[in-house]
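Nothing in this text is a laboratory measurement; each read-out follows from the coordinates by a stated rule. Just so it is clear, the structure is predicted and the values come from calculations on it, not from any experiment. Neighbour counts are summed over all protein chains in view; Cβ atoms, including those assigned to glycine, are modelled from backbone coordinates with ideal geometry.
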Amino acid sequence: MKKIIALVLVLLSLPIVPIFAEEEAFVRDMGEYKIVAQRKRVVVPHEYGGPIYSIYNYGVTDKDGNIIIPQIYDVIYPQKEGRSAFVLNGNLGFFGEDWSIVIEPIYRNFSHSGDIGFEDGIACVAKQNENGTAKCGYIDINGNEVIDFIYDYAEPFENGSAKVGITENLYNYNTATKYGRIDKEGNITQPLKFGYATGSDYEYLWQEPLEVLLSENLVELNTRRYKNSDIEYPFINFLGYSYIPLTYYGCRMLGINCDWTPENGVVLSSGGKMAEDIVGENGMQEGVYEKATFYKGRLTINGKIYEYGDTAYPLIHFRNVVYIPVLWRQGMEELGIKYNYIGPEKMENSERGCMVFEINP
């Protein structure tokens, strides 16, 4: 008990460390003018290798310290091409060379690459739509909106080109962004594709070589269940996603017509005659990994052509058969296939899960 009391007395005698240190001035010297702000040093455990500051109340002075812009702004960026971006109450606008407001703060602070400003006379900004989501577009130095606000990701122009991205909802809670490039007129110069852009959540899906897992799950087609080892061309998993083999009989079990042409690649269409069985001599062991590659040819579904990178989940080429992912909702819907998974905990007397396919006749 005496030791506990002594420890408490020692702790009480230690100095109290403030959460914030005293305010300091922040100055960004730009020559003819200075961007000034208030700065607080945030005290955190171990300081993670250095002090951390909270900076707020931005303003501008001339080189002699005379106030040009009062310190009331969230952020003020250096001038670029005669314009200086600022944020006031979370909204983005621009000052002119004389520090008067030339573009009202009606946009959102939405930058993916350092300082916000104009490049080649165009700036990337965002604004909130009626549904409450922010979309990116581009304005000129007079505030005219020159490229539509349709992008979920955008970068400043460089050498007449800018990288942009559009996010798509995939399956349940998952989303992914496809990236491409546009010119200053908003024309697409590099088609928007999935899987190869730096920073994409799904970038890792598109790196070769790759390994696929021969699924240990059961498969239910037309109310009949199969072991994967009984199917001539097995269902596979890639990074946890299930894939369907586009074989002749496999497609017929799903009520799909399947063909191939040099122009359109693998050609699928709904409304095919269903086969009665897909059991065959597989000889493949379940639960093992095999080498595979990505299918880089065309896929045509009901007349619509998909190129490599058009699908968020990549198509796979395994043992001379093309596989499509069941999580590719758009493809499944176009073919009239509904997919569900039953976990082992809901299966009677089975340690396996089951992939259930509902085919609309």
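Pairs exceeding a 29 Å alpha-carbon distance, out of K178/K291; K193/K227; K163/K296; K163/K291: K193/K227; K163/K291.
Let's test the formula: R0 of 22 Å, r as the Cβ-Cβ distance of N91 and T189. What FRET efficiency results, to the nearest 0.05?
Details: r = 31 Å, r/R0 = 1.42.
Taking R0 as 22 Å, the efficiency between N91 and T189 is 0.10.
Once the C-beta distance of F26 and T133 is scaled by a Förster radius of 41 Å, the resulting FRET efficiency is 0.80 to the nearest 0.05. Simple spin-label estimate for E232 and K80 gives 5.9 nm between the two label positions (7 Å along the Cα-to-Cβ direction from each Cα).
So between Y289 and N142, what do we pick up on full extension, going 0.36 nm a residue minus the alpha carbon distance? Spell out each step's value before the answer.
Working: separation 147, 0.36 × 147 = 52.92 nm, distance 5.84 nm.
Full-extension gain reported as 47.1 nm.
In order along the range 295-305, the Karplus-derived 3J(HN,Hα) couplings, from 6.51 cos²θ - 1.76 cosθ + 1.60 at θ = phi - 60°, round to 7, 9, x, 7, 10, 10, 10, 6, x, 9, 8 Hz, and Gly and Pro are given as x. Phi angles of the range 138-152 translate, via the Karplus equation with coefficients 6.51, -1.76, 1.60 and θ = phi - 60°, into HN-Hα couplings of 9, 10, 8, 5, 9, x, 6, 7, 9, 10, 4, 8, 10, 9, 8 Hz per residue; Gly and Pro are given as x.
As an exercise, use a Förster radius of 22 Å and the Cβ-Cβ distance of Y53 and I101 to find the FRET efficiency, rounded to the nearest 0.05. Mind showing how you got there, number by number?
On the way: r = 27 Å, r/R0 = 1.25.
The value I calculate is 0.20.
Phi angles across the range 239-251 convert, under the Karplus curve 6.51 cos²θ - 1.76 cosθ + 1.60 with θ = phi - 60°, into 3J(HN,Hα) values of 6, x, 9, 7, 10, 9, x, 8, 8, 4, 6, x, 5 Hz, Gly and Pro given as x. Remark: T61, T189, T311 ranked as T189, T61, T311, counting other beta-carbon atoms within 10 Å and listing the fewest first. Close amide H partners of V322, meaning residues 5 or more places away or on another chain with modelled amide H under 5 Å apart, are L246.
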